[in-house]
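Written below as structure tokens is the structure these notes are about.
What follows is calculated from the coordinates using simple rules that are stated; it is not laboratory data. Keep in mind the model is a prediction, meaning the values are calculated, not measured. Here Cβ is always computed from backbone atoms with ideal geometry, including for glycine, and neighbour counts include all displayed protein chains.
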Amino acid sequence: MGMPMIVDWPTMVPTLLTWFHLHERPLAWREPGTSAWGILLSEVMSQQTPVSRVEPVWREWMERWPDPAAFAQASPAEVLRAWGKLGYPRRALRLLECAQVIVSRHDGRVPDDVDDLLALPGVGDYTARAVACFAYGHNVPVVDTNVRRVVRRAVEGRFLAGTASKSELPAVAGLLPAEDGPRFSAALMELGALVCTATSPRCGECPLRKECAWVAAGSPPPTAEELAKKKVQKFAGTDRQVRGLIMDVLRGAEAPVPQSEIDVVWPDDVQRSRALFSLLADGLAEQDDAGLFRLPR
DNA sequence: AAGCCGGGGAG
DNA sequence: CTCCCAGGCTT
């Protein structure tokens, strides 16, 4: 639909790298010497959770479980409590399975090959490339929500990121400089996180504003068609909220809890039962011989 | 391609 | 209140 814009991307690369050098956030996992396990952990924790909330938990985990082998021996209950309120606790369970696979099939070492990484539980298209790139320095395209948004705007001249798609990989791959790929990808993500933000981009602070296709086009607002595709997920009143409330009870309980302690978290019997059942099905909760509920051992 | 899966903080 | 966040998995 939108007319293709010709952008002189190569000239933007050094500009972006210079900006990154000046504005990079000092995230804990960016410190030199961070292990591949540390990178993997940071990426999984950051899936759908802002990095500001991730950092303190990441530090705890790295101290407690410094490598995959140490973590692989933890119990699901321990892991879910340590995960706390990072959200989507299934991610924590998959991380445990992931570490166990790393131990059993990769000799306890986080693989550096994208396909090997993709085969790990909880590791998808983004995370696999992020680990290959940021942990091992491989020059592979890393495409997250930030990169998609920045490329859509700066290169294609459109405002919204739209739905994630593998088809965006080649486009980003074409932008990757032969040198400094990891640095470049990190800079692109950082620009999206700090400047080229989702709803209110700070174009006045953007190092690419002179070359940005969206700015050049007059900063057109998102089209009605683009807005219609957005559809933000509800949270209040959904099963996700009820599941979260139940998990909060289980995490905080010293001993297995009776049904009555779960019943008080939500008034709707049908929805509450559905949520509890789904947690059991997901392996996020279990029932002991006495019928009490607890985190999985 | 669309729906589901937590929770918090900014606007 | 709505929106978003270094996504992944299932259908």
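Tabulated data for the structure shown
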read-out: Rotationally averaged projected area of the stretch A:181-297 (alpha carbon convex hull; nm²); value: 12.6
read-out: The stretch A:142-228: relative contact order as a whole-number percent, Cα under 8 Å and 6+ apart; value: 41
read-out: Reachable aspartates and glutamates from A:Lys231, criterion Cα separation under 20 angstrom, eight or more residues apart if same chain; value: A:Asp144, A:Asp239
read-out: Among A:Glu225, A:Glu63, A:Glu179: highest mean-square fluctuation, GNM of chain A, C-alpha pairs under 10 Å; value: A:Glu225
read-out: If the convex hull is drawn through the Cα atoms of the stretch A:142-228, its volume per residue in Å³; value: 94
read-out: Net charge, A:Leu120 excluded, C-beta distance under 10 Å - Lys, Arg +1, Asp, Glu -1; value: 0
read-out: Relative contact order, percent, the stretch A:24-135 [alpha-carbon distance under 8 Å, six or more residues apart]; value: 29
read-out: Most mobile of A:Pro68, A:Pro170, A:Pro182 in a GNM of chain A (Cα contacts under 10 Å); value: A:Pro170
read-out: Dimensions (Å) - the stretch A:100-259, Cα atoms, principal axes, largest first; value: 62, 44, 27
read-out: Gaussian network model of chain A, springs between alpha carbon atoms under 10 Å - residue of A:Thr127, A:Thr223, A:Thr18 with greatest fluctuation; value: A:Thr223
read-out: Cα convex hull of the stretch A:21-167 - mean projected area over all directions, nm²; value: 9.5
read-out: Förster-model FRET efficiency, 51 Å R0, A:Tyr136 and A:Gln259, C-beta, rounded to 0.05; value: 0.60
read-out: In order through the stretch A:205-221: 3J(HN,Hα) via Karplus (6.51 cos²θ - 1.76 cosθ + 1.60), integer Hz, x for Gly, Pro; value: 9, 7, x, 9, 4, 5, 10, 5, 5, 5, 5, 4, 7, x, 6, x, x
read-out: Total charge dipole magnitude, chain A, about the Cα centre, Cβ charges on Lys, Arg, Asp, Glu only, Debye to nearest 20; value: 840
read-out: Distance from the stretch A:99-120 to the stretch A:242-295 (C-alpha centre basis), Å; value: 33
read-out: Rg [Å, one decimal], Dmax [Å, integer] - chain A, C-alpha atoms; value: 21.6, 68
